[in-house]
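Please see the structure below; I have some questions.
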Amino acid sequence: MADTVSSSSAPATSLDALPFTALGGQPAFAPGTIEPFVREPRVAVLAYVRADGRPGQAPIWYTYRDGAFFMSTTTGSPKHRALARDPRVCLTIQDERPPYRAILADGRVSLEALPQGAADPTDGMAVRYFGRVAAAEYDRMTAEEYAQKGLTLITLRPTELRGFDNTRAISAPVLAFVRLRDRLPIPRSW
């Protein structure tokens, strides 16, 4: 049976205040561990509804602050148009290292045009994901398109969280072994 934690329906300023459902009989995140997990620079996957009703997904960078995820997209892009039509989304943030952890944040997004030079909660994301040197290259690569088309801020204040933290299912020595096994001169099946 799923592990569910309830909270009030008021907007959360912390992910720990939201209802959480553990998936597939796997362990839930320990109290106080969700926010540190999502603050790490992970590439998320944003799922949304396309115009024809099919699901759409896009890898996306994000920043997290005060109960909200902030992302951006090129204004007028297929993703922007889909979110303007139907703001329902699911944002998946995962740790791809064994034994795997993931948070699925459900909710509705709000969209806001980002005027050039305006305060932007996504400023610095390229540095967060690439470091300063590669971020400078990325900014040069995207500057013209962003200047021509503009950017739209995507804000998600989740209403519900699902996920699992399999690091809680095994002992610390086994966790260390699982994370190091690809670097050891042993068969991968161990």
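On the given criteria, is Thr167 at pLDDT 95 or above, among the β-branched types (Val, Ile, Thr) and within 26 Å of the chain's Cα centre (by Cα)?
Numbers: at pLDDT 95 or above: no; among the β-branched types (Val, Ile, Thr): yes; within 26 Å of the chain's Cα centre (by Cα): yes.
Considered against the rule, which asks whether it is at pLDDT 95 or above, among the β-branched types (Val, Ile, Thr) and within 26 Å of the chain's Cα centre (by Cα), Thr167 comes out as no.
(1) among the hydrophobic types (A, V, I, L, M, F, W, C); (2) outside any strand (DSSP E or B); (3) in contact with a Pro (Cβ under 8 Å, 6 or more places away or on another chain): which one isn't true of Ala105, the others all being true?
The failed condition is (2).
Considering each of Val38, Val45, Val127, Val109 in turn, give the residue that is surrounded by fewer than 17 Cβ atoms within 10 Å (Cβ to Cβ) and either modelled with pLDDT of 95 or more or in contact with a His (Cβ under 7 Å, 6 or more places away or on another chain) (or both). Break it down stepwise before answering.
Working: Val38 fails: surrounded by fewer than 17 Cβ atoms within 10 Å (Cβ to Cβ); Val127 fails: either modelled with pLDDT of 95 or more or in contact with a His (Cβ under 7 Å, 6 or more places away or on another chain) (or both); Val109 fails: surrounded by fewer than 17 Cβ atoms within 10 Å (Cβ to Cβ).
Going through Val38, Val45, Val127, Val109 in turn, just one is surrounded by fewer than 17 Cβ atoms within 10 Å (Cβ to Cβ) and either modelled with pLDDT of 95 or more or in contact with a His (Cβ under 7 Å, 6 or more places away or on another chain) (or both): Val45.
Kindly indicate the residue of region 77-100 that is assigned to a strand (DSSP E or B) and open to solvent by 40 Å² or more (accessible area, probe 1.4 Å) and also nearest to Leu180 (Cα to Cα) among those meeting that condition. Even if it seems obvious, please write down each step before you answer.
Keep residues of region 77-100 that are assigned to a strand (DSSP E or B), which gives 88-95.
Pick out the ones that are also open to solvent by 40 Å² or more (accessible area, probe 1.4 Å) and you get 88, 94.
Values: Arg88: 39, Gln94: 19 Å.
Across region 77-100, the extreme among qualifying residues is Gln94.
How about region 122-162: which of its residues are in a helix (DSSP H, G or I) and within 25 Å of Val89 (Cα to Cα)?
Within region 122-162, the first condition is being in a helix (DSSP H, G or I), and the residues that meet it are 125-130, 132-149.
Matches in region 122-162: Met125, Ala126, Arg128, Tyr129, Tyr146, Lys149.
Could you tell me how many of the residues in region 137-169 are aliphatic (A, V, I, L, M), surrounded by 12 or more Cβ atoms within 10 Å (Cβ to Cβ) and out of contact with any Phe, Trp or Tyr (no Cβ under 9 Å at 6 or more places or on another chain)? Please lay out each step first, then the result.
The first filter runs over region 137-169 and keeps only residues aliphatic (A, V, I, L, M), leaving 141, 143, 147, 151, 153-154, 156, 161, 169.
Now restrict to residues that are surrounded by 12 or more Cβ atoms within 10 Å (Cβ to Cβ): 151, 153-154, 156, 161, 169.
Those still in the list that are out of contact with any Phe, Trp or Tyr (no Cβ under 9 Å at 6 or more places or on another chain) too: 151, 169.
So the count comes out to 2.
Tell me which residues, restricted to region 125-141, are touching a strand residue (DSSP E or B) at 6+ places or on another chain (Cβ under 8 Å) and over 16 Å from Thr73 (Cβ atoms).
Pass one, region 125-141, residues touching a strand residue (DSSP E or B) at 6+ places or on another chain (Cβ under 8 Å): 125, 128.
Across region 125-141, the qualifying residue is only Arg128.
Test of understanding: among Ala30, Ala58, Ala51, which residue is more than 21 Å from Phe164 (Cα to Cα), among the aliphatic types (A, V, I, L, M) and outside any strand (DSSP E or B)? So that I can check it myself, show each step before the final result.
Values: Ala30 fails: more than 21 Å from Phe164 (Cα to Cα); Ala58 fails: outside any strand (DSSP E or B).
Just one listed residue meets the conditions, Ala51.
Moving to a separate point now. Looking only at region 51-76, filter to residues that are without any contact (Cβ under 8 Å) to a residue 24 or more places away in the chain and among the small types (Gly, Ala, Ser); which one of those is most open to solvent (accessible area, probe 1.4 Å)?
Per the criteria, the residue is Gly53.
The values are calculated or read from the model by the stated rules, or taken from the named source; none is laboratory data. None of these values were measured; they are calculated from a predicted model. Every residue, glycine as well, gets a Cβ built from its backbone with ideal geometry; the counts of neighbours run over all protein chains shown. Only protein heavy atoms, including side chains, enter the accessible area calculation; ligands, DNA and RNA are left aside. Shrake-Rupley method; radii C 1.70, N 1.55, O 1.52, S 1.80 Å.
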